[in-house]
Structures are given as C-alpha cells and as structure tokens.
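To start, the structure itself, in structure tokens.
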Amino acid sequence: MSRWIGLTIAAGAVAAMTLGCSQQGSGTAVVIEDKVYTVTPASVNVKAGIVTGEVTEMKVTERVEKGSDRVVAPAKLTGTLKLKNTSANQSVRLIAGKILYIDAQGQPIKLEGTRTEPTLKFATYGSERLDPGQDATQSLDVEFPAEALKTKKLKEIRLELAYIPSPYKEETVNFTVSIGAGK
C-alpha cells in the first residue's frame, strides 16, 4: 500500500507541475501590417534603344509591427514592366535588367546590409526574345533601400536593360510545282 501512496503522490506532483506551472499566453498578439508608400508618378514610359515600354502600378511596401512601427520585412518596389521591340528588322534577346535608386545629388542609394541588388531576369520561356513589334510583360518585385523612403531623398529610379539585337529578316520563296494525274 505504501507503494501505491508513493505512486499517487508522484503522479500528483507531475500533474501539478504540468498543469499548475504552465505559462499562460500573454493574450496580445503582434499585428503585422503593410505600410504602402505611393510612387509618383505610378506609371512611366521608358525607352532604351529599340526597346520601349512602360512601368506601371509602382508602389513601395514594407511590413511593420503595428503600434511600434518596427520593420518586420524591408521595403520592396513592386509594379509591372511591359517592354516592346520597336525595330522593323531586328529581334531582341532580353538578357537582364538592373534597377538603381538615384538620390538628389545623382548618386546611387545603396541597399542596407545583406540585401540583394534589384535585378530582373527574363527567364520565362518566350519572354526573353522579342521579334519586331512583339512585347513582353514582367512583374517587378525588387528590394528598395530604406534610405530612399526619407522625404526628398529619392530623385529617380534608373532601369538598365541588357539585350542583344540580331538581324531579323523575312523572305518569301516561290517554287514551281505540278500535280500528277490521280489514280
């Protein structure tokens, strides 16, 4: 019987430690919200050689903790890039794009820490090659420097495109044929 009493006391102690000493949740959940910065103008026309286009729906978004405004996810520039080959006789192979943020003194604004440089890859099958008159649309979702969020710090956004033009020619070939008698 003393064994049963010892076992009951041990079980009671474990139950008290598990249930009685458990930590309760603080009851306040951290609320994360998107802080959206408008880009003016939200849409611009672009031209680089024989490639023209438009950047639309531009905005900058960072994720912050409500109340404290502590940044949870750094700022990103989002939008849509539409490019068109305006040449009549050259195809364009889009290689890459790079975005630079330029301050009021004409100097690039650096990204902080280990954030990656904002680049565009044209890897989707078919979107990297534009024949004359063709266009391609690409989503923008790139890093944005926190320094550029300060009032009057950002003067312009520069899009550098790398592409390879190649001759594009359409020719017509006629050849003589005849149809034999049916059997």
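The values are calculated or read from the model by the stated rules, or taken from the named source; none is laboratory data. Computed from a prediction, not measured in an experiment: that's the story for all the values here. Neighbour counts run over all protein chains shown; Cβ positions are idealised from the backbone, glycine included.
A few points about this structure:
- Tabulated pairs, the range 54-70, first under 18 Å from THR38 (Cβ atoms) and free of Cβ contacts under 8 Å to residues at least 24 places away in the same chain, second in a loop (DSSP other than H, G, I, E, B) and of a type in the set (S, T, N, Q), C-beta under 9 angstrom, 6+ apart or interchain: GLU57/SER43
- Boolean, SER26 is of a type outside the set (Asp, Glu) and at pLDDT below 90: yes
- Matching entry among THR52, THR8 (being at pLDDT 95 or above and either loosely packed, with under 13 Cβ neighbours inside 10 Å or more than 19 Å from LYS155 (Cα to Cα) (or both)): THR52
- Answer residue from the range 129-171, given it is loosely packed, with under 15 Cβ neighbours inside 10 Å and of a type in the set (Gly, Ala, Ser) and is nearest to PRO108 (Cα to Cα) among those: ALA162
- Close contacts from the range 166-180, counting a first residue that is charged (D, E, K, R) and a second that is surrounded by 10 or more Cβ atoms within 10 Å (Cβ to Cβ), with Cβ to Cβ under 8 Å and a gap of 6+ residues or different chains, come to LYS169/ASN89.
- Residues of the range 77-93 that turn out to be out of contact with any strand residue (DSSP E or B) (no Cβ under 8 Å at 6 or more places or on another chain) and buried (at least 18 other Cβ atoms within 10 Å of the Cβ), as a count: 0
- Test: residue in the range 99-114 that is in a strand (DSSP E or B), over 18 Å from the mean Cα position of the chain (by Cα) and under 23 Å from ASN85 (Cβ atoms): no
- Restricting ALA162, ALA136, ALA96, ALA148 to residues that are under 23 Å from THR38 (Cβ atoms), in contact (Cβ under 8 Å) with a residue 12 or more places away in the chain and in contact with a strand residue (DSSP E or B) (Cβ under 9 Å, 6 or more places away or on another chain) narrows the list to ALA148.
- Yes/no for LYS153 being touching a Gly at 6+ places or on another chain (Cβ under 7 Å) and either within 26 Å of GLU33 (Cα to Cα) or modelled with pLDDT of 90 or more (or both): no
- Strands (runs of 3 or more DSSP E) wholly inside the range 24-80 containing at least 2 residues that are among the acidic types (Asp, Glu): 32-38, 51-65
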